[in-house]
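Here the structure comes first, spelled out in structure tokens, and everything after it is commentary.
The values are calculated or read from the model by the stated rules, or taken from the named source; none is laboratory data. Since the structure is predicted, the reported quantities are computational estimates derived from the model, not experimental observations. Here the Cβ positions follow ideal geometry from the backbone for every residue, glycine too, while neighbour counts run over all protein chains shown. The area values use the complete protein model at the heavy-atom level, side chains included, leaving out ligands, DNA and RNA. Shrake-Rupley method; radii C 1.70, N 1.55, O 1.52, S 1.80 Å.
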Amino acid sequence: HVQLVESGGGSVQAGGSLRLSCAASGSSPTAYCVGWFRQVPGKEREAIAAIDTDVGRTYYSDSSRDRFTISQADDKMTTFLQMDSLKPEDTAMYYCALTGGYCPSRWTEYSFWGQGTQVTVS
């Protein structure tokens, strides 16, 4: 069983930056994927980025590639999402998720989810 806890959210002015953290605890597979997602009430959950922990490959949505960067700490227990040049439309609840093996193409295929951290851009 894996526990995920997001942190680093808050309020920031447009054009500013935030770094979100996803701390994992418990037992994880040897090879797994960690993804970042966001959701606004009334709208579909949106994929942002993902990282294949085993080999370090990263994946980005087209809308996030220029401003967001996903990375991991050396022990692979913490996954970061660096967000730069934030815009009001980035306001959302941000979630991290984990699943074994390859990075899924759909968020419904992730096995474990954190509780979310709110990001508000004004």
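Some observations on this one:
- When each of SER7, SER21, SER11, SER28 is tested for being open to solvent by less than 50 Å² (accessible area, probe 1.4 Å), more than 17 Å from TYR110 (Cβ to Cβ) and either among the polar types (S, T, N, Q) or at pLDDT below 95 (or both), the lone residue that passes is SER21.
- Residue count for region 38-89 satisfying the condition of being crowded, with 17+ Cβ neighbours inside 10 Å and in a loop (DSSP other than H, G, I, E, B): 3.
- Pairs are defined by a Cβ separation below 8 Å, a sequence spacing of at least 6 or placement on different chains, a first member in region 72-89 that is under 12 Å from ILE51 (Cα atoms), and a second member that is surrounded by fewer than 19 Cβ atoms within 10 Å (Cβ to Cβ) and among the charged types (D, E, K, R); the pairs so defined are PHE80/ARG19; LEU81/ARG19.
- Flag if THR78 is farther than 17 Å from GLY114 by Cβ and of a type in the set (S, T, N, Q): no
- For region 90-122, a residue qualifies if it is in contact with a helix residue (DSSP H, G or I) (Cβ under 7 Å, 6 or more places away or on another chain) and surrounded by fewer than 16 Cβ atoms within 10 Å (Cβ to Cβ), and exactly one does: SER122.
- Those residues of region 98-115 which are part of a strand (DSSP E or B) and over 19 Å from VAL55 (Cβ atoms), in sequence order: PHE112, TRP113
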